[in-house]
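Notes for the one structure printed next.
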Amino acid sequence: MGERRTRRPLRRPRRIAPVVSAGERELFGGALRYDFGWVKHEYAMLDLTPFAAVRALPRLLATTLRIARDADRRALYTVGLAEVGQGTAQAFGLLLTNEILAALFGTGPAGDRLRAALPALLAVAVLASVGAVLASLSTAATGRLEPKVERLATEGYLRRAVAVELSAIEDGEFRKLLDSAQFGALSARAMVGACVAALNGIFGILAAGGVLTVLHPALLPLLVLIALPRGWGAMHVAQRRYASRMNWIEHERAARLVSGLITERGSAQEIRVHRAGPYLLDRYRDMAETSEAEQTRLAHGRAVTELTAAAFSGAATLLTYAALGALLATGRMDIAMAGTAALAVRTGSANLSALIAHVNTLHEESLYVRDLHRLTTEADRRAIPVGGAPLPDFPGKIVFEDVVFRYPDREEPALRGVSLTLTAGTVVALVGANGSGKSTLVKVLAGLHLPDGGRVLWGGTDLAEADRYDVFRHVAVLDQDFQRWPFTLRTNITIGEPDGDPAPGRLERAAAHSGADRLGTTLPRGYDTLLARQFRGGSELSGGQWQTVGQARLRYREASLVIADEPTSALDPEAEVDSFRRIRDLAAEGRTVVLVSHRMAGVQAADVIHVLHEGRIVESGSHQELMDRPDSRYRRMYQLQAEQYGS
Ligand SMILES: Nc1ncnc2c1ncn2[C@@H]1O[C@H](COP(=O)(O)OP(=O)(O)OP(=O)(O)O)[C@@H](O)[C@H]1O
């Protein structure tokens, strides 16, 4: 199939039926395909005919210029003026060349002819210097613009990623957009460079075209004739690349994933003990070879296309020189004019070829920038609202009234009418089977998700109307997958309140509270030890040690509402008992503590225990009250765990 296409280089490229290697079928059940925005682009680009690309040019230029203007207006104007100046200098240079040639090919002694040509020669030298200065001005200003454009675009992207609702981050569609838009900033930068180069090409063509028209109008279409085959060749190669890219990128992506897995730390044990290494290596080779074959086919096709284009372009050049010869022979043009025309044809066609290549780049990059624009709009729509009813003080009571919450991609609600009251200075424990809704309940409590039904009242304020950032100020959360930041031990604790007062002793007190102070004294650089083994000087912590760091972070935050979701799962028995005692101490300080745990021994000291089942609270009470009920779920769960210890 590929063979046939190679032998027909002029055929319009079409989407190629993807080849799936045996390795991909075995490991992934088929092609490893993302559903990202940019995969869709590859098909969008296929619809691009050369004329469509030319039609799209003004829009692409306008988009880039707008981005650049927002980044640095002065630098943009400098680039614009420098480019126009260079084009003008080029045009005058060509016209002066005509004068020089006319003087040199004139009659009379050589010395006189040289003298006659001298003023024009000097003017050409001045123009060339002006052109060089303008070119360097343009380079400097573009160099100023490009990083600014990239930074502004990246900042906008990150700012929006930080500000969206948690529900957006958990939404697969939004995540995909977030992933594909990350290339937008780099593409915006690349567009600035391509745009400047395209402008340069346009002005260069205008200069050459203008001069040719002045010399003889018939020469202008000939210039177009020389450039057209090359333009067509560039477009054709680009289209073929887009058509095939999907195919080869898929194999490459799959091979990269497998090679990453082979070297990854997490798979190191199985790679060795289960001998998964040689097995994966074989599949890697299979995928890499399929990608290789696709690229070879592409390169072959490209060579044939470019040769064809060069042949047509060469024929058109011959025709142009023949026309020049005819004009010369019939006396409609003198030798000087013919020389200038030949020069103009060369400059013009070189500029045209370059322009086509830059328009291609502009188009390709603009697709990623478009993703960034889409993300911006979508993220602004899904941002956590700023403002709302202020919540300066933490209330004495938080009340859930018949709260219903459903994840957007789920049929069944995760919470189905939950009512409860949390009182300041108490420990409230949530227990229940996996998936019963405990973590969801705490997310609603913390203001991370808003209920779909019912209300959460913080004092007299409905959470749905409250200033959410005010709500967050009162909350500290340590969840099951709390972040193990690849930063120092110190930052890993103080990041609990990054802009808080770093008062002397505050860090040490928080560390001592959770037992993380031992790390502070035993790690090689104390609190300044980097907790990321992959970097030089970095240290590795065990799961339990990380949990003490997480708890220290929770303590450092000094929030009024403390939420600990499975805070002790990795702790040794002694550390676990200590940890539960310290959690109680937090309530004794007047904080409201919500504890989610499967460790029944740990929750028994809570003031109130709520048992969740399929999104509902089915039992509530103290440990003793719930144990006194002979058929309570709580009692059953507690006894099951106790039996494991034979008590
Ligand atoms: N981000 C999410 N998107 C969609 N569904 C979710 C999401 N998080 C949880 N769920 C679903 O909501 C239900 C309640 O989950 P939740 O995490 O609140 O349970 P849990 O009681 O904390 O469970 P576990 O004890 O296993 O931590 C489950 O059916 C779960 O699959």
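The values are calculated or read from the model by the stated rules, or taken from the named source; none is laboratory data. These numbers were taken from a predicted model, which means no experiment stands behind them. Every residue, glycine as well, gets a Cβ built from its backbone with ideal geometry; the counts of neighbours run over all protein chains shown.
Structural remarks
- For beta carbons closer than 8 Å, sequence separation of 6+ or different chains, a first residue in the range 209-224 that is without any contact (Cβ under 8 Å) to a residue 60 or more places away in the chain and closer than 22 Å to Ile356 by Cα and a second that is among the polar types (S, T, N, Q) and surrounded by fewer than 22 Cβ atoms within 10 Å (Cβ to Cβ), the qualifying pairs are Leu220/Thr213.
- Positions within the range 152-173 being touching a residue at least 24 places away in the same chain (Cβ under 8 Å) and either more than 16 Å from the ligand (Cβ to nearest atom) or not in a helix (DSSP H, G or I) (or both), in sequence order: Leu152, Ala153, Thr154, Gly156, Tyr157, Arg160, Ala161, Ala163, Val164, Glu165, Asp171
- Criterion (closer than 23 Å to Ala341 by Cβ and crowded, with 18+ Cβ neighbours inside 10 Å) met by exactly one of Ala125, Ala91, Ala82: Ala91
- Filtering the range 479-525 to residues that are touching a strand residue (DSSP E or B) at 6+ places or on another chain (Cβ under 7 Å) and at pLDDT below 90 leaves Asp479, Gln480.
- A residue that is touching a residue at least 24 places away in the same chain (Cβ under 8 Å), part of a helix (DSSP H, G or I) and out of contact with any Ser or Thr (no Cβ under 7 Å at 6 or more places or on another chain) cannot be found anywhere in the range 267-279.
- Each residue in the range 417-435 was checked for being more than 19 Å from Ala564 (Cβ to Cβ) and in contact with an Asp or Glu (Cβ under 7 Å, 6 or more places away or on another chain), and 2 pass.
- Counting only helices (runs of 4 or more DSSP H) that sit wholly inside the range 406-522, those with at least 3 residues that are of a type in the set (A, V, I, L, M) and more than 16 Å from the ligand (Cβ to nearest atom) are 506-514.
- Residue that is crowded, with 19+ Cβ neighbours inside 10 Å, within 21 Å of Leu318 (Cβ to Cβ) and not aliphatic (A, V, I, L, M), where the choices are Gly193, Gly184, Gly204, Gly209: Gly209
- So Ser187, is it at pLDDT below 85 and part of a helix (DSSP H, G or I): no
- Subset of the range 104-117 (residues that are over 60 Å from the mean Cα position of the chain (by Cα), small (Gly, Ala, Ser) and part of a helix (DSSP H, G or I)): Ala110, Gly111, Ala116
- Pair list, Cβ < 7 Å and 6+ apart or interchain, from the range 562-578 residues that are without any contact (Cβ under 8 Å) to a residue 60 or more places away in the chain and under 20 Å from Asn434 (Cβ atoms) to residues that are of a type in the set (D, E, K, R) and more than 14 Å from the ligand (Cβ to nearest atom): Thr568/Glu576
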